[in-house]
Amino acid sequence: QVQLVESGGGVVQTGGSLRLSCSASGPIFNINGMAWHRQAPGKQRELVASITRGGTTRYADSVKGRFRISRDNAKNTIYLQMNSLKAEDTAVYYCNADVSPSFPMSYRPYWGQGTQVTVSS
């Protein structure tokens with residue numbers, strides 16, 4: 001079974017930084033796109049940042065210039081460097097990946113369990 005495990009969440013003060021990691025394990029033949037999403041209390045889950053296998057990135061307008069997504073294909077891992085954190089960044093952050101467990105490739109989305117990020121003023 002493919003698993004995604006996030007780490008690096010915690011409590012940080014306004015203006016601080018955190019780095020999240022997400023590693024995929026299990027029967028993996030190939031991983032296509034990977035992304036970070038977040039869900040704040042009472043709100044819908046939203047896309048924060050995504051990255052293709054080739055390294056093309058996209059960001060939500062609310063995090064542009066503050067967050068940076070990166071990827072290590074050899075480790076099946078993505079990272080989210082979060083700087084200049086604001087109270088409104090408080091949420092559970094989820095990792096998502098489109099994985100093909102075998103060949104011929106047949107991709108399906110997998111999700112991690114989430115990691116809590118709390119920004120306090």
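The values are calculated or read from the model by the stated rules, or taken from the named source; none is laboratory data. Note that the structure is predicted; figures quoted are calculated from it, not measured. Here the Cβ positions follow ideal geometry from the backbone for every residue, glycine too, while neighbour counts run over all protein chains shown. Accessible surface is based on the protein model in full, side chains and every heavy atom, while ligands, DNA and RNA are left aside. Shrake-Rupley method; radii C 1.70, N 1.55, O 1.52, S 1.80 Å.
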> Can you tell me which residues in segment 65-121 are within 10 Å of the chain's Cα centre (by Cα) and without any contact (Cβ under 8 Å) to a residue 12 or more places away in the chain?
Replying inline: none
> What are the residues in segment 57-73 that are assigned to a strand (DSSP E or B) and under 13 Å from Leu20 (Cβ atoms), if any?
Replying inline: Phe67, Arg68, Ile69, Ser70, Arg71
>> Based on this model, can you work out whether Asn96 counts as open to solvent by less than 30 Å² (accessible area, probe 1.4 Å) and of a type in the set (S, T, N, Q)?
In response: yes
> So Arg38 fits all but one of (1) under 18 Å from Trp111 (Cβ atoms); (2) open to solvent by 60 Å² or more (accessible area, probe 1.4 Å); (3) charged (D, E, K, R); what number is the exception?
Replying inline: (2)
>> Out of Gly16, Gly54, I need the residue that is part of a loop (DSSP other than H, G, I, E, B), of a type in the set (Gly, Ala, Ser) and open to solvent by less than 50 Å² (accessible area, probe 1.4 Å). Which one?
In response: Gly16
> How many residues, within segment 74-93, are of a type outside the set (D, E, K, R) and not in a strand (DSSP E or B)?
Replying inline: 7
> Could you give every pair whose Cβ atoms fall below 6 Å, whose first residue belongs to segment 8-27 and is basic (Lys, Arg), and whose second residue is in a strand (DSSP E or B), counting only separations of at least 6 or pairs across chains?
Replying inline: Arg19/Gln81
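Table: residues versus (1) modelled with pLDDT of 95 or more; (2) of a type in the set (Gly, Ala, Ser); (3) surrounded by 14 or more Cβ atoms within 10 Å (Cβ to Cβ).
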| site | (1), (2), (3) |
| --- | --- |
| Cys22 | yes, no, yes |
| Gln44 | yes, no, no |
| Lys64 | yes, no, no |
| Ser70 | yes, yes, yes |
| Ser106 | no, yes, no |
| Thr115 | yes, no, yes |
| Thr118 | yes, no, yes |
